[in-house]
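Taking it in order: structure first as structure tokens, then the write-up.
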Amino acid sequence: MIVLLLGAPGAGKGTHAARIADHTGLPHVSSGELLRGAVERKTELGVKAKEHMDAGSLVPDEFMLAWIEELLDDSVYESGIILDGFPRTVPQAEGLDKLLAAKGLATDLVLLLDITQDAAAERLLSRVTCGKCGAIHNLAQKPMEVPGICDACGGELETRADDVRETIEKRFVEFRKQTEPMIEYYRSRGNFETINTNRAVDAVRQDIRDLLDRVSAATS
Ligand code: ATP
Ligand code: MG
């Protein structure tokens, strides 16, 4: 099963992708996380991506398309994939469709996580990530037992460099300009569902599970 998670910054893509991965056993790939790893390791892609990410703009399509082509050649993804953060532009969506079609595949579910900009921005400003286990926490919703330390694994918590007000604004501008037209592209093509994520995580998770169970029953 191939699932695409779309949504504005802060919509909950990473949070729910991890839960969908647990529920389905499918591998979860976050383009943002992989890019942050490349930036840290100073790979060729990381060096190119850093200036765009720090500015709140998107990494150019040519790099992202080369990245997805290489990724999909990995046999790990033969049984399916949950893609979080990719595609993000119409050319990326078209490129992905072509790559999948060449393998005789197509997306089974395109899921838009829908939230208002104000609610998403509030979440981004109180979001921290564990440097050790990668868990995403929201301190406004649930403070940690020990401040600065991950409740799940005891690792140190980090704030993303782009989760500051000015960069968040720019990410929303990019979302409206580049990603919203892509959402319309998918909306008109079927297999498209929307879930309101401006609710408690567990309620959203249950709705996504019900939806996935319906989709996987229909595709198997
Ligand atoms: P959230 O983590 O809440 O989903 P987000 O969607 O803004 O927020 P990431 O998906 O982690 O964050 O992406 C962080 C940054 O990485 C983006 O702002 C962009 O610069 C870059 N990036 C990630 N995926 C892509 C992509 N498909 N195309 C271009 N740039 C990307
Ligand atoms: Mg993310």
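The values are calculated or read from the model by the stated rules, or taken from the named source; none is laboratory data. Every value quoted in this text rests on a predicted model; they were computed, and no experiment measured them. Positions of Cβ are generated from backbone atoms using ideal geometry, with glycine treated the same way; all protein chains shown enter the neighbour counts. The area values use the complete protein model at the heavy-atom level, side chains included, leaving out ligands, DNA and RNA. Shrake-Rupley method; radii C 1.70, N 1.55, O 1.52, S 1.80 Å.
Just want to confirm a number: the relative contact order over region 1-126, from Cα pairs under 8 angstrom separated by 6+ residues, in percent.
Values: 152 pairs, mean separation 62.0, N = 126.
Across region 1-126, relative contact order equals 49 percent.
Rg ratio for region 101-160: its Cα radius of gyration over 2.2 N^0.38 Å, N being its residue count, equals 1.57.
The largest accessible area among Cys153, Cys133 belongs to the first residue in Cys133, Cys153, and the rest follow in falling order (1.4 Å probe, all chains). Taking every DSSP beta bridge that has both ends in the chain, the antiparallel portion is near 25%.
Assuming a ≥ b ≥ c are the square roots of the Cα gyration tensor eigenvalues, decide whether region 96-220 counts as rounded (a/c under 1.5), prolate (otherwise, with a/b larger than b/c) or oblate. Because a/c hits 1.5 or more and a/b exceeds b/c, region 96-220 counts as prolate. Ignoring the sites themselves, the chain has its longest run without GluC sites (Glu not before Pro) in a DSSP loop having at most 15 other Cβ atoms within 10 Å at 1-77.
Probing with 1.4 Å while keeping every protein chain in the model, the per residue accessible area of region 94-211 equals 56 Å². Calculated over the chain, the projected area of the Cα convex hull averaged across directions stands at 11.7 nm².
Among Met64, Met182, Met144, the residue with the largest mean-square fluctuation in a Gaussian network model of the chain, with springs joining Cα atoms closer than 10 Å, is Met144. Comparing mean-square fluctuations of Val110, Val47, Val59 from a GNM of the chain with C-alpha springs under 10 Å, the top value falls on Val47.
Volume per residue, Å³, of the convex hull around the alpha-carbon atoms of region 1-89? If you can, show how the numbers build up before the last one.
Values: hull volume 8.9 nm³, N = 89.
Enclosed volume per residue, from the Cα hull, is 100 Å³.
When the chain is treated as a GNM with alpha-carbon contacts under 10 Å, the residue of Phe192, Phe86, Phe63 showing the greatest mean-square fluctuation is Phe63. Taking every protein chain into account, the 1.4 Å probe leaves Val76 with about 80 Å² of accessible area, to the nearest ten. Entry note, the chain: the mean residue ellipticity at 222 nm calculated from DSSP H runs of n ≥ 4, each adding -39500 (n - 2.57), is -15000 deg cm²/dmol after division by the residues and rounding to the nearest 500.
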